[in-house]
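A quick write-up on the structure given underneath.
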Amino acid sequence: MTRIDFYQLNPDRHRADKVVCQLCQKAYEGKQKTFLLTQSPEQTTHLDRQLWVYSDDSFVPHDTELSDNYETPILLNDQPQPDCQRQLLINLAESIPDNFAQYERIIELVTEDNKQQARKHYSFYKERGYPLNHHNL
């Protein structure tokens, strides 16, 4: 069964985009194929740039499009990918993708800006009996 983790960010200590980059790096180092579902094309572009520059001593291979020639460890896009065969979903979108249960694990970030959305997502998963974990950062 899919494991769901909610990470509540303290706005005084964490920027969401930096936490996303750290989560992607950790997933890459753990050899977890990851799909980062963003809210918009603009957020995709921003996070694409951030993954290249957020840390001088890291490298997180990623792409914004699926390729027939190479399966990137981290895929980010604002459109759900029904057949992307990934283990981890980092969901930054307002909605939960229809294929959420195909992932082994889902991470949802809770920020000052998306508390209502996070509550809806939490309720959605809870009503369906998924194991939920909450982490304060």
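Taking residue 101, is it surrounded by fewer than 18 Cβ atoms within 10 Å (Cβ to Cβ), farther than 19 Å from residue 60 by Cβ and hydrophobic (A, V, I, L, M, F, W, C)? Yes: the conditions hold for residue 101. When residue 118 is tested against (1) surrounded by fewer than 12 Cβ atoms within 10 Å (Cβ to Cβ); (2) modelled with pLDDT of 95 or more, exactly one condition is not met: (1).
Quick one: which residue in 47, 92, 37 is touching a Leu at 6+ places or on another chain (Cβ under 8 Å) and over 21 Å from residue 133 (Cα atoms)?
Exactly one residue qualifies, and that residue is 47.
Yes/no matrix, rows are residues, columns are (1) of a type in the set (D, E, K, R); (2) buried (at least 16 other Cβ atoms within 10 Å of the Cβ); (3) more than 11 Å from the chain's Cα centre (by Cα):
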site	(1), (2), (3)
24	no, yes, no
35	no, yes, no
51	no, yes, yes
56	yes, no, yes
71	yes, no, yes
74	no, yes, no
77	no, yes, no
91	no, yes, no
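Would you pick out the residues in segment 5-33 that are among the basic types (Lys, Arg) and within 17 Å of residue 49 (Cβ to Cβ)?
Across segment 5-33, the qualifying residues are 15, 18.
So which residues in segment 34-67 are in a loop (DSSP other than H, G, I, E, B), over 14 Å from residue 21 (Cβ atoms) and charged (D, E, K, R)? Within segment 34-67, 65 is the sole residue that qualifies.
Residue 85 - would you say it is at pLDDT 95 or above, surrounded by fewer than 19 Cβ atoms within 10 Å (Cβ to Cβ), in contact with a helix residue (DSSP H, G or I) (Cβ under 9 Å, 6 or more places away or on another chain) and not charged (D, E, K, R)? So residue 85 fails the test.
The values are calculated or read from the model by the stated rules, or taken from the named source; none is laboratory data. What you see is a predicted model; the values in this text were computed from it and never measured. Reconstructed Cβ throughout: ideal geometry from the backbone, glycine too, with neighbour counts over all protein chains shown.
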